[in-house]
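The next block holds one structure in the form of C-alpha cells; read it before the comments.
The values are calculated or read from the model by the stated rules, or taken from the named source; none is laboratory data. Fair warning: this is a prediction, and the values are worked out from it, not measured in the lab. Glycine gets a Cβ as well: all are built from the backbone with ideal geometry, and neighbour counts include every protein chain shown.
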Amino acid sequence: MSTIQAPKGTYDLLPPDSAVFLAVREAIAAPARRAGYGYVETPGFEHVELFSRGVGESTDIVTKEMYTLTTKGGTQLALRPEGTASVLRAALEGSLHRAGNLPVKLWYSGSYYRYEAPQAGRYRHFSQVGAEALGAEDPMLDAELIILAADAYRALGLRNVRLLLNSLGDRACRPVYRAALQDFLRGLDLDEDTRRRIEINPLRVLDDKRESVQRQLAGAPLITDHLCEACKAYHEQVREQLAAAGVAYEDDPRLVRGLDYYTRTTFEFVHGGLGSQSAVGGGGRYDGLSEMIGGPSLPSVGWALGVDRTVLALRAEGVELPLPAGTDVFAVPLGEEARRTLFAVVTELRRAGVAADFAFGGKGVKNAMKSANRSGARFTLVAGDRDLADAVVQVKDMESGEQTAVPLDGIVAAVKELLA
Ligand code: ATP
Ligand code: MG
C-alpha cells in the first residue's frame, strides 16, 4: 500500500466495481439522450460568484460545503458543488438560447465536491448525472424530465424508488406564502443560525433535518394552500402527465430542497434502503436562475441524480446489472514463437471488434490459464510449437471445456463466428 491515502470523504472506483458505476451513468443518461438532450461538459471549477448567486447565499452548499480557492493571480474560484448553475452559464456564454432554439436540452455527467461530514452515501467527492431543459415554461417539459428520471431508475431494475412532488409557487404567490411562513417560524424556539435563515430563506427551514426542529414545524403553513391559480393549474397539468405515463408520485407539501432558485415544480427521488442519505436524485423548475446570474429571463427545469447513491440503492435491493463482458477471448501462448503469433492474432481480433486479451509476462501455462479464467473470456486460444508447425490454434470453450484445432489463417473469422 502507498503511504499516501485518498483524502477523507473520497473513494476510488476500481475494477470490478467500477464497471457498475459506468453502467449506472450510462443507464441514467440513456433516456435523456433518446429524448434529444445533447451532451454538455463544463469545468470542474468556476468563479465563486456563480454559485453564491446561482445556488444561493443562504444554502448550506454555499455557506458550509463549498471548496473555494484563490489562484496565484487573485481569482476566487470554487470546485463545483452542483451542475445546474454551470450548465446554464455555459449555455448563456455559448449563446445556445437563441430564439427558435428553445428549449435547449442538455445532459451532463461528472464529479462534484462538497465539504460535508462524510458517512455512508455522503461524500466530499461524488458523481451526478444531470439533465436540464432551458428556456421553456411548459408543464409537459417538467413531466418529460421526471418521466425520464423515473424510466432510468426503472431500467436499472430499482423497485423501491419513490417520487415526491411539490410546487413552490412563483413570483406572484411565493412571497405571500413566504411571509406567512416567516410569521409562523418567528414564534418558534430556534437557534440563532436558524432564526437568521428565517429572514433570508424561510423555506429552507422546512428542510431542517433535526428532530427538534421538525417537531415544531408540525403546524407550519403549507405552500399548497397558498398557490395562485396559474401555479395550481400548471402543477395539475404536470401531475396529469405523470399519471398518464404511469409514473407514481406522492404529493409532499413540505418538500423544498437545498437550492434557493427553485420555483413551481419540485421533486425528489428517495430510496428506502439508504438510511438517512435517502435522496437518490432531485430537481425542479428554476425560472429565476438565469436572471440571478446576469442572463435574460430563461424559465428552465432540470434534475441531478446521484450516481453513488444509485449504486448503493442497487446493492440494497440486490440488483445485479447485466455488465458487458470485459474480455471475449484470452490468448495463452506456449513458447516464444507462439507469443509472437498469438499477439498478432489478438491485435487482429481487437481490430475486428472482438474484446481480446493476452497472457503477458511470460507466465507458465497454469498461471496463464488462471488469468484466462479470471478474465471471464468465453474462449481461450492456446498455441505451442506443435500447433504452429501444423498452422493451427487450439480454441478452448471455457464453459464446456471442449477444445478444437482451428487453422491459423482463418482464426479471426472462426472466432467471430463462434462468438456470434
Ligand atoms: P441531501 O439532502 O442528501 O444533502 P441534496 O439535496 O444536497 O441531498 P442535491 O443537491 O439535490 O442533493 O443533489 C442531487 C443528488 O446528488 C442527491 O439526491 C444525491 O443523490 C446526490 N448527492 C448530493 N450530495 C451528495 C454527497 N455529498 N455525496 C453523495 N451523493 C450526493
Ligand atoms: Mg446536501
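Could you list all residues from the range 248-262 that are over 21 Å from ARG89 (Cα atoms), within 16 Å of ligand 2 (Cβ to nearest atom) and of a type outside the set (Lys, Arg)?
Initial filter on the range 248-262 (over 21 Å from ARG89 (Cα atoms)): 248-257.
With the extra rule that they be within 16 Å of ligand 2 (Cβ to nearest atom), the set shrinks to 255-257.
Once the filter is applied, which keeps residues that are over 21 Å from ARG89 (Cα atoms), within 16 Å of ligand 2 (Cβ to nearest atom) and of a type outside the set (Lys, Arg), the range 248-262 yields LEU255, VAL256.
Residues being of a type in the set (Gly, Ala, Ser) and in a helix (DSSP H, G or I): count how many of those fall in the range 381-419.
Here is the first cut: in the range 381-419, the residues of a type in the set (Gly, Ala, Ser) are 383-384, 389, 391, 400-401, 405, 410, 413-414.
Then drop every residue that is not in a helix (DSSP H, G or I), which leaves 389, 410, 413-414.
Selection size over the range 381-419: 4.
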Practice task
For residues that are farther than 17 Å from GLY44 by Cα and either near ligand 1 (Cβ under 10 Å from one of its atoms) or touching an Asp or Glu at 6+ places or on another chain (Cβ under 8 Å) (or both), tally how many sit in the range 121-137.
Solution key: 4
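Each row is one residue, and each column tells you yes or no for (1) within 16 Å of ligand 2 (Cβ to nearest atom); (2) outside any loop (DSSP other than H, G, I, E, B).
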{"site": "GLU236", "(1), (2)": "no, yes"}
{"site": "GLN241", "(1), (2)": "no, yes"}
{"site": "GLY246", "(1), (2)": "no, no"}
{"site": "ARG264", "(1), (2)": "no, yes"}
{"site": "PHE269", "(1), (2)": "yes, yes"}
{"site": "GLY273", "(1), (2)": "no, no"}
Problem - First in the range 48-68 and over 16 Å from GLY288 (Cα atoms) and not assigned by TED's automatic domain parsing to the domain that holds TYR286, second anywhere and at pLDDT 95 or above and within 13 Å of ligand 1 (Cβ to nearest atom), Cβ under 8 Å, 6 or more apart - result: none
Fill in the blank from the handout: Those residues of the range 113-125 which are surrounded by 20 or more Cβ atoms within 10 Å (Cβ to Cβ) and either part of a strand (DSSP E or B) or away from ligand 2 (no atom under 12 Å from the Cβ) (or both) amount to TYR113
Exercise for the section: Go through the range 36-78 residue by residue and tally those that are under 30 Å from LEU156 (Cα atoms), touching a Phe, Trp or Tyr at 6+ places or on another chain (Cβ under 9 Å) and at pLDDT 95 or above. Expected result: 7
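Return the only residue of GLU291, GLU320, GLU336 being among the charged types (D, E, K, R), surrounded by fewer than 22 Cβ atoms within 10 Å (Cβ to Cβ) and under 23 Å from the mean Cα position of the chain (by Cα).
Numbers: GLU291 fails: under 23 Å from the mean Cα position of the chain (by Cα); GLU336 fails: under 23 Å from the mean Cα position of the chain (by Cα).
Matching residue, one of GLU291, GLU320, GLU336: GLU320.
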Exercise for the section: May I ask you to list the residues in the range 265-287 that are among the acidic types (Asp, Glu) and within 9 Å of ligand 1 (Cβ to nearest atom)? Expected result: GLU268
Exercise for the section: Look through ALA150, ALA133, ALA155, ALA143 and report the one residue that is farther than 20 Å from THR59 by Cβ, assigned to a strand (DSSP E or B), in the same structural domain as VAL307 (by TED's automatic domain parsing) and not β-branched (Val, Ile, Thr). Expected result: ALA133
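Go through the residues of the range 51-65 one by one and say whether even a single one is β-branched (Val, Ile, Thr) and more than 28 Å from ASP193 (Cα to Cα).
No, the conditions are met nowhere in the range 51-65.
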Fill in the blank from the handout: If we ask which residues in the range 347-367 are at pLDDT below 95 and aliphatic (A, V, I, L, M), their number turns out to be 1
Practice task
Inspect all residues belonging to the range 299-315 and state whether any of them is touching a residue at least 12 places away in the same chain (Cβ under 8 Å), away from ligand 1 (no atom under 13 Å from the Cβ), surrounded by fewer than 18 Cβ atoms within 10 Å (Cβ to Cβ) and not charged (D, E, K, R).
Solution key: no
Completion exercise
Reported set for the range 138-149 where residues are farther than 11 Å from ALA32 by Cβ and touching a helix residue (DSSP H, G or I) at 6+ places or on another chain (Cβ under 8 Å) is PRO139, MET140, ASP142, ALA143, ILE146
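Does VAL48 qualify as being touching a helix residue (DSSP H, G or I) at 6+ places or on another chain (Cβ under 7 Å) and either surrounded by 11 or more Cβ atoms within 10 Å (Cβ to Cβ) or farther than 28 Å from VAL256 by Cβ (or both)?
Details: touching a helix residue (DSSP H, G or I) at 6+ places or on another chain (Cβ under 7 Å): no; either surrounded by 11 or more Cβ atoms within 10 Å (Cβ to Cβ) or farther than 28 Å from VAL256 by Cβ (or both): yes.
No: the conditions fail for VAL48.
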Practice task
Could you tell me which of the residues ARG254, ARG210 is touching a residue at least 12 places away in the same chain (Cβ under 8 Å), at negative phi and either surrounded by fewer than 18 Cβ atoms within 10 Å (Cβ to Cβ) or not assigned by TED's automatic domain parsing to the domain that holds ARG80 (or both)?
Solution key: ARG254
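What number of residues within the range 160-175 satisfy the criterion of being part of a strand (DSSP E or B) and under 8 Å from THR263 (Cα atoms)?
First pass over the range 160-175, keeping only residues part of a strand (DSSP E or B): 161-167.
Checking which are under 8 Å from THR263 (Cα atoms) leaves us with 167.
Adding up the residues that qualify gives 1.
Looking at LEU190, LEU181, LEU185, can you tell me which residue is more than 14 Å from ligand 1 (Cβ to nearest atom), farther than 28 Å from LEU305 by Cα and part of a loop (DSSP other than H, G, I, E, B)? Explain how you work it out, then say what you get.
Values: LEU181 fails: part of a loop (DSSP other than H, G, I, E, B); LEU185 fails: part of a loop (DSSP other than H, G, I, E, B).
Result: LEU190 is the single residue among LEU190, LEU181, LEU185 that is more than 14 Å from ligand 1 (Cβ to nearest atom), farther than 28 Å from LEU305 by Cα and part of a loop (DSSP other than H, G, I, E, B).
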Exercise for the section: Go through the residues of the range 218-236 one by one and say whether even a single one is more than 24 Å from ILE146 (Cα to Cα) and of a type in the set (A, V, I, L, M, F, W, C). Expected result: yes
